[in-house]
1. Against the definition (surrounded by fewer than 18 Cβ atoms within 10 Å (Cβ to Cβ), among the acidic types (Asp, Glu), farther than 20 Å from Pro217 by Cβ and not assigned by TED's automatic domain parsing to the domain that holds Ile154), how does Asp232 come out, yes or no?
2. Among the numbered criteria (1) surrounded by fewer than 18 Cβ atoms within 10 Å (Cβ to Cβ); (2) within 19 Å of Gln66 (Cα to Cα), which single criterion is violated by Cys103?
3. Restricting attention to the stretch 9-38, report how many residues are in a helix (DSSP H, G or I) and over 27 Å from Gln243 (Cα atoms).
4. So, in the stretch 239-269, how many residues would count as being touching a Pro at 6+ places or on another chain (Cβ under 8 Å) and within 21 Å of Ile15 (Cα to Cα)?
5. Given the conditions (1) closer than 20 Å to Tyr102 by Cα; (2) in contact with a Lys or Arg (Cβ under 8 Å, 6 or more places away or on another chain); (3) in a strand (DSSP E or B), which single one is not true for Ile287?
6. Which numbered condition trips up Asn199, out of (1) assigned to a helix (DSSP H, G or I); (2) touching a helix residue (DSSP H, G or I) at 6+ places or on another chain (Cβ under 8 Å)?
7. Among all residue pairs at least 6 apart or on different chains, which show Cβ distances below 9 Å where the first residue, located in the stretch 181-199, is within 24 Å of Asn64 (Cα to Cα) and the second is of a type outside the set (Gly, Ala, Ser) and surrounded by fewer than 17 Cβ atoms within 10 Å (Cβ to Cβ)?
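The values are calculated or read from the model by the stated rules, or taken from the named source; none is laboratory data. Values in this document were obtained by computation on a predicted structure and should not be read as measured data. As a convention, Cβ positions derive from the backbone with ideal geometry for all residues, glycine included, and neighbour counts pool all protein chains shown.
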Amino acid sequence: MTVAWVFPGQGSQKIGMAKQIENLPNTKERFSYASEVFERNLFEICEFNSESKNPLSDLNNTINTQICLFLVESVLLDALKNNGFKPNYVAGHSLGEITALYCADVFSFEDCISLIKVRSQLMVNAVEGSMAAVIGFERNQLDTLVKKIDDVVIANDNSSSQVVVSGSNEALEILSREISCKRFLKLNVSGAFHSPFMNGPAAKFSDYLKQIKFSNPSYPVISNYEPLCCSDPNELKIRLENQMCNGVRWRETMDLMAKDSNLHFVEIGPSNVLSGLAKRHLKDVKISQVSSSNQLSY
């Protein structure tokens, strides 16, 4: 059986997710290290459902979401490895691609913490445009409208029935009026992520990545920018550089996985976002979820 480990990104965070792993090796040390780098108590941020007016303590603030998700996912995946489990290849959705690269030993835990701090700050500071989820649509109509309307792109191509679009507020408003769909939901984000609106932040991120050594991966990695298995560290760096200003091609990632008739899809993270997409998109595939210290097997 071919085992794919997949790691979710923003939107899969859950209050209480750190508590679910606190008895695992490295949890306390990793949260402590990252909290020092980020200058805030990340374990507490994961635990308190604050309706706080202070965004610094809000788990849903991008600057907190990305690092907290990575910490939870990294602890879980290393615990699985310590229990003798390993994948045939790995993939991650948006932020989850960084976890996938860490899982494949492309770079160190410490490099990931620094990298995520830079990435999340660049995204928080992005102020152009916005994003919206589109659910229950006709693909040809969506593709036609995206080509027709300036300043809008598909940011997350999640499945045949769910995408996230990025663009100017005006373009999103036009699209919402013209498309036939079950739901068109504006997202509470600071910018038009995974779109050309992120070219400036992406250039800065690319400059930062030049300082990071990418090692040969222990397992092939499927990237968001180019959804094909890759074991070339230089190519993986190029793909990660391009990720911020290009779409997450998750539907194509699942289509690639579907070519394997004996696939075990294992989502490692606090919720079942990617598992849900896989259940609706893939057929005759075994799907497992690892989200706490009580689930370290599949």
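1. Values: surrounded by fewer than 18 Cβ atoms within 10 Å (Cβ to Cβ): yes; among the acidic types (Asp, Glu): yes; farther than 20 Å from Pro217 by Cβ: no; not assigned by TED's automatic domain parsing to the domain that holds Ile154: yes.
So Asp232 fails the test.
2. (1)
3. Of all residues in the stretch 9-38, those in a helix (DSSP H, G or I) come to 19-21, 27-38.
From the residues that got through so far, the ones that are over 27 Å from Gln243 (Cα atoms) too are 19-21, 27-29, 32, 36.
Residues in the stretch 9-38 being in a helix (DSSP H, G or I) and over 27 Å from Gln243 (Cα atoms): 8 in total.
4. Count: 2.
5. Checking Ile287 against (1) closer than 20 Å to Tyr102 by Cα; (2) in contact with a Lys or Arg (Cβ under 8 Å, 6 or more places away or on another chain); (3) in a strand (DSSP E or B), the one that fails is (1).
6. Status for Asn199: all satisfied but (2).
7. Here the result reads Leu185/Ile135; Lys186/Asn169; Asn188/Asn60; Ser190/Asn125; Ser190/Val127; Gly191/Asn125; Gly191/Val127, each pair linking the stretch 181-199 to a residue that is of a type outside the set (Gly, Ala, Ser) and surrounded by fewer than 17 Cβ atoms within 10 Å (Cβ to Cβ).
A quick yes/no check of all residues on (1) in the same structural domain as Tyr89 (by TED's automatic domain parsing); (2) under 27 Å from Ala155 (Cβ atoms); (3) modelled with pLDDT of 90 or more; (4) surrounded by 15 or more Cβ atoms within 10 Å (Cβ to Cβ):
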{"site": "Val6", "(1), (2), (3), (4)": "yes, yes, yes, yes"}
{"site": "Ile15", "(1), (2), (3), (4)": "yes, yes, yes, yes"}
{"site": "Lys28", "(1), (2), (3), (4)": "yes, no, yes, no"}
{"site": "Glu44", "(1), (2), (3), (4)": "yes, no, yes, no"}
{"site": "Asn49", "(1), (2), (3), (4)": "yes, no, no, no"}
{"site": "Ser52", "(1), (2), (3), (4)": "yes, no, no, no"}
{"site": "Pro55", "(1), (2), (3), (4)": "yes, yes, no, no"}
